[in-house]
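One structure is given below, encoded as structure tokens.
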Amino acid sequence: MDLLLDSLHSAFLLLVSCDPELLVIVAVSLEVSIISTCIASLFGIPCGFLVSYSSFFGKRFLLTCLNTLLALPTVVIGLLVYAFISRRGMFGSLELLYTQKAIIIGQVILIIPLVTSLTIAAISRIDNRYRKTALTLGATQFQMVLVIIKEARYGIGAAVIAAFGRVIAEVGISMMLGGNARGFTRTMTTAMALEYDKGEFSLAVALGLTLMTIAFGMNLLFHFFQGRTWADAV
Amino acid sequence: MLYKADRLTKVFAGRKVLDIVNFVVEKHKIYALTGANGAGKSTLLTLLAFLDQPDQGELRFGGSKVYYDRDSLLQVRRQVVLLDQYPILFTGPVWKNVEFGLKVRGVKRRQPEQRVSEVLALVGMEKFCDADARKLSGGESKRVALARGLAVSPDVLLCDEPTANVDEENQEIILDILKRINAETGTSIIMATHYLSQGRQLADHSLILSHGKLSGRGHENSFRCNVMQERDGLLLCELNDSCRLHLEKQQDAELSGPCRVYIDPAKICCSQGVSPISANQWTGKVLRIEQAREHILLTVDCGLKVKVQLDPSAYQEQNPLVGEQIELSIPGDSVFLSPLYNS
């Protein structure tokens, strides 16, 4: 109990004093997570839209695959990407391994299925009359898509927030592809794992508190969006 | 000629929901499309709005064949607006909804504001300009949806049950607006409705859909019946215990068993206190008298509610009153039989 209280006290002091190492770790975490979420959203939202509004052979199978990929362990993605970007890998010459770019690649692969699946769910809840109404009022296909995205914005927003929450809290990809290099690829989760190994709990707890605060903020936003979506549906 | 359809069919899940051999709609007219639930009214309107394409057949619009590639579709779609039975308004204020069609057409900034005010005033919703579109009542939503459609000045307005789920006051307002639009701007209107009286009041022509097929007759007085062959070659058509018809065999079919019978209201003769000569005579009480364009329409309760159409001179001559007993004479040429279900 004393250990926990001492750790909490030290962590609180680190947070209040804005410890530079802590700030760098938080900044790296936020940077890679925001970039990977943006890339995954740019790819996943249009994909979700395409899958929702097109009918093709194997659509059900694709949806099943997407749902399966939601449960993909981060270490599996880490291994897979490692195989491609390590020196002996296909893209070894690009020297991506142990860089932030490598973490971003892994995280994008992790959350694209999540963004796509949640976008499909958000769009499929949108009444088909929006599509018909936009078209009969003279909208082009692109303008119709914008209408649907606007109407599904809360659901899509929730998908993006959920994806961000997933990447900021993951540890496997960051550790395997980033290498936990201090000041460069050390994220909150990898730093916590390292500090735990060293038996230094203060920084680990401070990072844990920061991570939980960010996760709590994300969840608040998520519930806000979901609440708006349900309120609109009622 | 506005629309011309030739052997138009639409199939859903292996079932032919629309099968129209020939269909012509003229410009600047109001058409009422009547039929029971599932008759294919909404499917036909969706095809006429170019929101779906037929499985077979050819549709011509404004004299030209309709092609279903993206560019051609956009061109024809922008001349037609379909008002849904349950219109959905976009999130945001009313004015933004009404402006939508103008915005997607790239109409310059100031013009939409003027047009939005004009059409909102036309439907009596100008006070709701800044209101949240999602918080309007059913009738108000329909009027805003109508304004949204009218804002783009379409050549054709297709209305799917424009007065469904709307109170009587709003029904009158909506029908009045449709009439005015047609008279003032020449916009052609095709209106699907269950209410035959609405069709009569408003439409220049009535189109009747039954099981996906257009029928030129029978939009009034359509009843289920049981047909039996009689020894002398006649058919006995039993509508209920008190309403029977003796008919000569019709050319098209050997009908027997459950069928549908249509009785042309314009050919029914009515008389007071005079025994009709025809064998097909029913007695009933006048329930309602109404004016339908240039005709007078009586609703007579003979066990079935039978509509009788009189021209004004015949009406003045006979002067039937509500509650009065009258005799109806149903001539053989006013009766059409058809199978109950068309496959």
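The values are calculated or read from the model by the stated rules, or taken from the named source; none is laboratory data. Given the structure is predicted, the values throughout are model-derived calculations rather than measurements. Here the Cβ is made from the backbone with ideal geometry for all residues, glycine too, and neighbour counts use every protein chain on show.
Below is a table of values for the structure above.
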read-out	value
Subset of segment B:158-182 [in a helix (DSSP H, G or I) and loosely packed, with under 14 Cβ neighbours inside 10 Å]	B:GLU168, B:GLU169, B:GLU172, B:ASP176, B:ARG180
The one condition in (1) under 27 Å from B:GLN201 (Cα atoms); (2) in contact with a helix residue (DSSP H, G or I) (Cβ under 6 Å, 6 or more places away or on another chain); (3) at pLDDT 90 or above that B:VAL17 fails to fulfil	(1)
Complete set of residues in segment A:132-157 that are at the interface with another protein chain (Cβ under 9 Å from one of its Cβ atoms), out of contact with any Leu (no Cβ under 8 Å at 6 or more places or on another chain) and of a type outside the set (A, V, I, L, M, F, W, C)	A:THR133, A:GLN141, A:GLN143, A:LYS150, A:GLU151, A:ARG153
Subset of segment B:67-101 that is of a type in the set (A, V, I, L, M) and assigned to a loop (DSSP other than H, G, I, E, B) - its residue that is nearest to the other protein chains (Cβ to nearest Cβ)	B:ILE88
Some residue of segment A:98-115 being at pLDDT 95 or above, within 24 Å of A:MET218 (Cβ to Cβ), touching a Leu at 6+ places or on another chain (Cβ under 8 Å) and of a type outside the set (A, V, I, L, M)	yes
Of all residues in segment A:185-223 being closer than 18 Å to A:LEU4 by Cα and among the aromatic types (Phe, Trp, Tyr), the one that is farthest from the chain's Cα centre (by Cα)	A:PHE201
Residue selected from segment B:51-75 under the condition in contact with a strand residue (DSSP E or B) (Cβ under 9 Å, 6 or more places away or on another chain) and among the aliphatic types (A, V, I, L, M), by the criterion surrounded by the fewest Cβ atoms within 10 Å (Cβ to Cβ)	B:LEU51
Positions within segment B:25-50 being crowded, with 21+ Cβ neighbours inside 10 Å and among the basic types (Lys, Arg), in sequence order	B:LYS41
A:VAL160 vs. criteria of a type in the set (A, V, I, L, M), away from chain B (no Cβ under 12 Å), touching a helix residue (DSSP H, G or I) at 6+ places or on another chain (Cβ under 9 Å) and under 16 Å from A:LEU194 (Cβ atoms)	no
Among residues of segment A:116-126, those that are within 13 Å of chain B (Cβ to nearest Cβ) and at pLDDT 95 or above, counted	0
Residue match in segment B:47-66 (condition: part of a loop (DSSP other than H, G, I, E, B), in contact with a His (Cβ under 7 Å, 6 or more places away or on another chain) and closer than 23 Å to B:ILE208 by Cβ)	no
Conditions (1) within 27 Å of A:GLY179 (Cα to Cα); (2) over 20 Å from the mean Cα position of the chain (by Cα): number failed by A:VAL28	(2)
Residue within segment B:84-99 that is more than 27 Å from the chain's Cα centre (by Cα), of a type in the set (Phe, Trp, Tyr) and farther than 16 Å from A:VAL147 by Cβ present	yes
Helices (runs of 4 or more DSSP H) contained in segment A:123-216 and holding at least 2 residues crowded, with 21+ Cβ neighbours inside 10 Å and without any contact (Cβ under 8 Å) to a residue 12 or more places away in the chain	A:128-136
Residues being among the aliphatic types (A, V, I, L, M), crowded, with 21+ Cβ neighbours inside 10 Å and not in a helix (DSSP H, G or I) - total across segment B:133-155	2
